[in-house]
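Colleague: This is the structure I want to talk about, given as structure tokens.
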Amino acid sequence: MNSLSNKDLYKAIWRWHFYAGIIFAPFLIILSITGAIYLFKPQIESFLYKDYYYIEEGEHELAPSTLIEKVTNTYEHATVVSYRPSDAPHRSTEVGVVLDGETYIVFVNPYTGDILGKIAKEDKLMNIIVKLHGELMVGTIGDRIVELAACWAVILLITGLYLWWPRNRSLYGIVKIRFNEGKRVMWKDIHSVIAIWLSVFILLLIFTGLPWAGFMGDKINRIATATHTGYPPGLWDGQIPESVIPTKSVADVPWAAENMPVPESNQNGTMTIPVESVIQIAKERHVHQGFSIYFPEGEKGVYTVSVFPNLPQDQATLHIDQYSGKVLADLRFKDYGWLAKVIEIGIALHEGRYFGLFNQMIGLITCLGLIFISYSGVVMWWKRRPKGSLGVPSAPQNKKAMQIVTLIIIILGLMMPLVALSLAIAFVLDWIVIRRIPKLQTWFS
């Protein structure tokens, strides 16, 4: 490849890098800020809800049924939907209820039965952060935008690597930031050098987050189910009737268990077993402490026991017949297929749970780095932007270079369907709208 074609290729890649960066930088900043906050969920919630979470240790805990009765007596029209036993001497018990159509968590002192207070599940700070992080607080549209931003971030890193690649330059500006050669050089180095140092961690953060994405995550989960690399096909204990309801519809469960069909209880029974029996079953099965119990929905419903602690290896999802107490399904990490195991470990890394504080700090540094990368890119554009135009880098003279780069991005788009869709929309807008309106042509030049 001659020097002219190298120059044209560089221009073509820079042009795509510029467009993607300008469009998605604001969303990447939002994702980084909310992600950095969520990393410290345990510490933040322990501080915010300390009056609800923590109690003085007593001598004897009251029976779970007694605690539930205390809650229903206090909130007469409430329907109990879940129960989380205290998992430490100084920790309260949590009872999930539906009241006036909204789900609340009621905190109860397990020694005295005193109601410490209640919080609407949707109002918990970390649930708000999750909604902002995952869907920008606007539902499905926001989810797709977040997924699109994450996918384009991969392309930004790949194109950025090409633009950064050393071409007979000194070490400064490649792996070190030049602070003494003017603001323009400094901002350029902040943008590129931080991206290079953190590129592996950024990619890890993106790829471990995609299984949650609405579109791509659903496809990954379907693939895992179809190939038996998620939950195992021989999970049921005998010929157990199963519903078409996925487990994620009845309980908060690990990713690997979300699409597992919920089995049905045998209606030959006449009386539902008490929650004490479910707790005993969970303990006998050595379910990790901190588990939650979700109550049966209807006559065929089951008790669901779920726990996903810091280490994915300690995860458990159990379905229990509400009449007989028979364990209909018991799914553990060891039962997962290889894909589910990789994804669950990835999720724990993504949330900063796998290596404790060290994991949180690595995640925080990566999020802060992504903020600096995005912000510095916007600053560089703003400083070089000509008045009256967007300041798009000039197109290469050799049109073939632009076609080659576009083809490469399309190939990447085949692996990330929303990228392909966004490319199609961009081409339509360019061909039908921008090229036909002179003022837009000038502004986009």
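Colleague: Give me the pairs, please: first residue somewhere in the range 204-228 and part of a helix (DSSP H, G or I), second residue anywhere and hydroxyl-bearing (Ser, Thr, Tyr) and loosely packed, with under 14 Cβ neighbours inside 10 Å, beta-carbon distance under 9 Å, and either six or more positions apart or on two chains.
Modeller: Close Cβ pairs satisfying both conditions: Gly214/Thr140.
Colleague: Would you kindly identify the strands (runs of 3 or more DSSP E) lying entirely within the range 243-326 that contain at least 3 residues that are of a type in the set (A, V, I, L, M, F, W, C)?
Modeller: Passing ranges, in order: 302-307, 316-321.
Colleague: So which residues in the range 373-421 are under 18 Å from Trp187 (Cα atoms) and within 26 Å of the chain's Cα centre (by Cα)?
Modeller: Of everything in the range 373-421, those that are under 18 Å from Trp187 (Cα atoms) and within 26 Å of the chain's Cα centre (by Cα) turn out to be Ile373, Ser374, Tyr375, Ser376, Gly377, Val378.
Colleague: Let me ask another. Test of understanding: among Val146, Val193, which residue is touching a strand residue (DSSP E or B) at 6+ places or on another chain (Cβ under 7 Å) and either assigned to a helix (DSSP H, G or I) or outside the structural domain of Ile29 (by TED's automatic domain parsing) (or both)?
Modeller: Val193
Residues are listed down the side, and each one gets a yes or a no for (1) modelled with pLDDT under 95; (2) of a type in the set (Lys, Arg):
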| site | (1), (2) |
| --- | --- |
| Asp8 | yes, no |
| Ile13 | yes, no |
| Pro26 | no, no |
| Ile29 | no, no |
| Tyr38 | no, no |
| Lys50 | no, yes |
| Ile55 | no, no |
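Colleague: If you check Val392 against the conditions, is it closer than 30 Å to Thr227 by Cβ and either of a type in the set (A, V, I, L, M, F, W, C) or assigned to a helix (DSSP H, G or I) (or both)?
Modeller: When the stated conditions are applied, Val392 does not pass them.
Colleague: Residue by residue through the range 51-62, note down the ones that are exposed (fewer than 14 other Cβ atoms within 10 Å of the Cβ) and more than 11 Å from His90 (Cα to Cα).
Modeller: Correct list: Asp51, Glu59, His60.
Colleague: The conditions are (1) in contact (Cβ under 8 Å) with a residue 24 or more places away in the chain; (2) out of contact with any Leu (no Cβ under 7 Å at 6 or more places or on another chain); (3) closer than 30 Å to Val253 by Cβ, and Gln360 fails exactly one of them. Which is it?
Modeller: (2)
Colleague: Same structure, new question: Evaluate the following for Val80: is it within 33 Å of the chain's Cα centre (by Cα), part of a strand (DSSP E or B) and surrounded by fewer than 17 Cβ atoms within 10 Å (Cβ to Cβ)?
Modeller: Spelling it out, it is not the case that Val80 is within 33 Å of the chain's Cα centre (by Cα), part of a strand (DSSP E or B) and surrounded by fewer than 17 Cβ atoms within 10 Å (Cβ to Cβ).
Colleague: Considering each residue of the range 156-165, count those that are over 11 Å from Ala195 (Cα atoms) and in contact with a His (Cβ under 8 Å, 6 or more places away or on another chain), and give that number.
Modeller: Residues in the range 156-165 being over 11 Å from Ala195 (Cα atoms) and in contact with a His (Cβ under 8 Å, 6 or more places away or on another chain): 2 in total.
The values are calculated or read from the model by the stated rules, or taken from the named source; none is laboratory data. Just so we're clear, the structure is a prediction, and the values are computed from it rather than from any experiment. Because the Cβ atoms are built from the backbone with ideal geometry, glycine has one as well, and the counts that use them run over all protein chains shown.
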